[in-house]
1. So, in segment 306-323, of the ones that are surrounded by fewer than 20 Cβ atoms within 10 Å (Cβ to Cβ) and modelled with pLDDT of 95 or more, which residue ends up nearest to residue 340 (Cα to Cα)?
2. Return yes when residue 284 is surrounded by fewer than 23 Cβ atoms within 10 Å (Cβ to Cβ), part of a helix (DSSP H, G or I) and of a type outside the set (S, T, N, Q) and no when it is not.
3. Of the residues that sit in segment 176-227 and are aliphatic (A, V, I, L, M) and in a strand (DSSP E or B), which one is modelled with the highest pLDDT?
4. I'd like to check something: does segment 119-138 contain any residue that is of a type in the set (A, V, I, L, M), at pLDDT below 80 and more than 30 Å from residue 220 (Cβ to Cβ)?
5. Failed condition for residue 252, given (1) assigned to a helix (DSSP H, G or I); (2) within 21 Å of residue 118 (Cβ to Cβ), with all others met?
6. For residue 237, indicate whether it is in contact with a strand residue (DSSP E or B) (Cβ under 8 Å, 6 or more places away or on another chain) and without any contact (Cβ under 8 Å) to a residue 40 or more places away in the chain.
7. I'm told residue 221 meets every condition in (1) in contact (Cβ under 8 Å) with a residue 60 or more places away in the chain; (2) within 29 Å of residue 126 (Cβ to Cβ) except one. Can you identify the failing condition by its number?
Amino acid sequence: MPIAYTHRGPLLYTILALSAAEMANSGDDYSDRLVSKASTYYDSAINQLQLSLANSSDAEENILACVLLSSFEISNGHRPAWLQHVNGAVAIHNHFASSISRECALFAYQYFGFRWILLETTMPPGTYPLEEVTSETSMTAQILQNLSTMLQQTIDTVPTLAMQNIDNNFGCSLEYLQLVNRISTLSALKYHCQADEIVAEETSDLYSTTALAFDDAMSDMVFVAKVQDSYLEHCSRCFKLAGRVYLRLICLDASLTQLALTAMQTDLLQALRLVINEDQQRRAFPMWPLFIAGCASFEDEHRKAVLDMFRTLESKWPISNISYVRNVTTQIWQSRDLNGYDNSRRHDWQTLITTFGWKLALS
């Protein structure tokens with residue numbers, strides 16, 4: 001972050017906004033004043049960003065500012081405005097590609113790619129038309145491709161198995177995220193094809209075979225931390241199990257009472273307890289696996305475990321997004337209980353999120 005110390009530009013003001021907001025969320029006696037300061041710094045960051053957009057020499061700083069501004073939006077108010085910063089970073093990269101280092105582009109890709117892919121998992125069937133689902137120029141494909149030409153997305157092949165390096169910032173590998181993205185795409189393709197009875201009859205076996213191939217690929221993935229770190233190893237197991245639960249919910253329409261899914265859900269909750277507990281020092285945490293565990297929870301015992309972990313997170317990580325995701329999860333349970341739903345067929349948890357106007361940002 002040398003730029004922030006030598007230049008009073010958007011990056012410096014964004015860092016100040018984040019710091020003030022976090023101090024306010026921690027219950028400081030001056031919380032109201034800190035919230036006001038955070039808002040002032042945020043406005044200054046936006047103004048500085050707008051003033052420097054045309055300068056190629058400021059391109060890297062502006063991309064980093066977009067990354068941190070997104071983090072500010074996600075952690076303070078769960079507003080969908082963070083998606084504007086994604087598009088802003090993409091536009092800056094496309095216009096000044098020759099002025100941006102590989103390290104900066106890769107960092108932005110990792111941050112935005114991680115959150116964008118997990119956001120896509122909360123979208124209901126039919127969100128995008130078939131043409132966009134299958135297009136390599138869709139919004140998702142463009143965002144993931146433009147920030148790093150090294151990590152282009154494909155949707156028609158099962159990833160080759162390899163030792164997956166765990167990214168220290170979010171507890172799983174980039175290859176794993178690409179597989180989650182392919183699972184989301186497979187679900188969208190399945191939805192559109194099922195709308196056509198003739199096509200559905202021809203492709204149902206193919207989708208089942210592909211989904212099971214994805215499950216095998218995920219099951220066989222071996223995650224490796226660059227340095228010995230039991231926390232990261234436990235965290236990667238949470239993502240691995242959550243991905244398999246997600247696949248069953250979204251592609252195989254598994255009932256929440258299915259014994260195999262219930263057993264996998266129990267394993268997921270046990271894995272989550274190893275990384276979300278009172279003794280664990282503050283670190284990055286697997287919000288998406290916890291959310292998926294919540295969506296798949298039908299038994300009271302499982303729901304209580306999920307709520308206990310949300311409470312632990314709220315006490316150790318004073319970020320407003322945690323309570324927001326918890327509230328979404330409990331609303332999903334209440335809707336199921338009131339309507340007598342005992343399964344997730346028709347992807348009810350995704351539909352409910354959209355019905356109530358929620359825009360999850362699973363940081």
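1. In this case the residue turns out to be 307.
2. Criteria not met by residue 284.
3. Filtering first and then ranking leaves 222.
4. Taking every residue of segment 119-138 in turn, at least one turns out to be of a type in the set (A, V, I, L, M), at pLDDT below 80 and more than 30 Å from residue 220 (Cβ to Cβ).
5. (1)
6. Against the criterion (in contact with a strand residue (DSSP E or B) (Cβ under 8 Å, 6 or more places away or on another chain) and without any contact (Cβ under 8 Å) to a residue 40 or more places away in the chain), residue 237 qualifies.
7. Of the numbered conditions (1) in contact (Cβ under 8 Å) with a residue 60 or more places away in the chain; (2) within 29 Å of residue 126 (Cβ to Cβ), the odd one out for residue 221 is (2).
Residue-by-condition table, conditions (1) surrounded by 21 or more Cβ atoms within 10 Å (Cβ to Cβ); (2) outside any helix (DSSP H, G or I); (3) touching a Cys at 6+ places or on another chain (Cβ under 7 Å); (4) not assigned by TED's automatic domain parsing to the domain that holds residue 10:
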site: 45; (1), (2), (3), (4): yes, no, no, no
site: 48; (1), (2), (3), (4): yes, no, no, no
site: 54; (1), (2), (3), (4): no, yes, no, no
site: 66; (1), (2), (3), (4): yes, no, no, no
site: 72; (1), (2), (3), (4): yes, no, no, no
site: 85; (1), (2), (3), (4): yes, no, yes, no
site: 90; (1), (2), (3), (4): yes, no, no, no
site: 93; (1), (2), (3), (4): yes, no, no, no
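The values are calculated or read from the model by the stated rules, or taken from the named source; none is laboratory data. Bear in mind that the values here come from a model prediction, so they are computed numbers and not experimental data. Because the Cβ atoms are built from the backbone with ideal geometry, glycine has one as well, and the counts that use them run over all protein chains shown.
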